[in-house]
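Readers should treat all values here as calculations from the given coordinates under stated rules, not as data from a laboratory. What you see is a predicted model; the values in this text were computed from it and never measured. Virtual Cβ from ideal backbone geometry, glycine too; neighbours counted across all protein chains shown.
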Amino acid sequence: MMGSDDENAALSSEPLYNPDLLRLDFSQIKTKFDPPISPSEPGEALIVRPLCPADYDKGFVQLLSQLTKVGNISKDQFLRRYTTMKACPNTYYVTVIEDTRSSHIVGSATLIVEQKFIHECAVRGRLEDVVVSDDYRGKQLGKLIIMTITLLAQHLNCYKITLDCKDRMIPLYTGLGYKLEQGGSNYMQIRFDNKKPFKL
Ligand code: 16G
């Protein structure tokens, strides 16, 4: 049964996670922003918030294609993936920057919180899929979204946060406090030639 317009609007703006978690204290971090910006004041007409279903129509998928190959994702596929992420509480923190003048998503990054047995059943953060629109360079938005996710991981009691990136991005991350640890700075992978969609 189809819901009312109000119900549909409420559903399409339903945040993937609790937006209050983004009230982070940027005054405690060493990274300097000039001019000063934070998740609550990211710049004129910009907002930082959790992903919501309406973001499909706000260019979220097109933005991701500035990072890597995304392929054709239908709205239905997007909504199904959003729903399965939402069904895993305390795990997926896909965070976006929206320009409210154009209703476009101009930046995004994801925190994944992985549950462990080690370190007394600790949780580990993973920073993934960091992207800022080419048209929004020079506004410190990359730094902002990375530090937002980093502080969020700390706030959620992750014992560490890790990432992998292209070599040319290393200076950006080292400038924000990420370290290539001696004896452990490697990242290995096998790329599978798997064309079938993931089934849950
Ligand atoms: C980068 C991203 C990673 C993303 C991958 C996609 C960051 C910190 N790293 O390594 O999250 O999943 O690119 O590249 O954003 P791929 O399509 O070659 O796997």
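Numbers for the structure displayed
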| item | result |
| --- | --- |
| Tally, over segment 154-174, of residues that are surrounded by 12 or more Cβ atoms within 10 Å (Cβ to Cβ) and within 13 Å of the ligand (Cβ to nearest atom) | 9 |
| Which listed residue is in a loop (DSSP other than H, G, I, E, B), among the hydrophobic types (A, V, I, L, M, F, W, C) and out of contact with any Phe, Trp or Tyr (no Cβ under 6 Å at 6 or more places or on another chain), from Val61, Val70, Val48 | Val70 |
| Matching residues, segment 41-61, being loosely packed, with under 13 Cβ neighbours inside 10 Å and either under 16 Å from the mean Cα position of the chain (by Cα) or of a type in the set (A, V, I, L, M, F, W, C) (or both) | Ala45 |
| Single residue of Gly125, Gly142, Gly177 found to be in contact with a Cys (Cβ under 8 Å, 6 or more places away or on another chain) and within 16 Å of the ligand (Cβ to nearest atom) | Gly125 |
| Of the criteria (1) outside any loop (DSSP other than H, G, I, E, B); (2) in contact with a Phe, Trp or Tyr (Cβ under 6 Å, 6 or more places away or on another chain), which one Glu7 fails | (2) |
| Positions within segment 114-130 being surrounded by 10 or more Cβ atoms within 10 Å (Cβ to Cβ) and either part of a loop (DSSP other than H, G, I, E, B) or not aliphatic (A, V, I, L, M) (or both), in sequence order | Glu114, Gln115, Lys116, His119, Ala122, Arg124, Gly125, Arg126, Glu128, Asp129 |
| Residue among Leu46, Leu22, Leu111 that alone is in contact (Cβ under 8 Å) with a residue 24 or more places away in the chain, over 28 Å from Tyr159 (Cβ atoms) and of a type in the set (A, V, I, L, M, F, W, C) | Leu46 |
| Filter result for Ile105 (within 11 Å of the ligand (Cβ to nearest atom), touching a strand residue (DSSP E or B) at 6+ places or on another chain (Cβ under 7 Å) and of a type outside the set (Lys, Arg)) | no |
| Residue match in segment 114-122 (condition: within 13 Å of the ligand (Cβ to nearest atom) and under 18 Å from the mean Cα position of the chain (by Cα)) | no |
| Verdict on Gly107 being under 19 Å from Ile161 (Cβ atoms) and among the small types (Gly, Ala, Ser) | yes |
| Some residue of segment 52-69 being farther than 29 Å from Gly138 by Cα and out of contact with any Leu (no Cβ under 6 Å at 6 or more places or on another chain) | no |
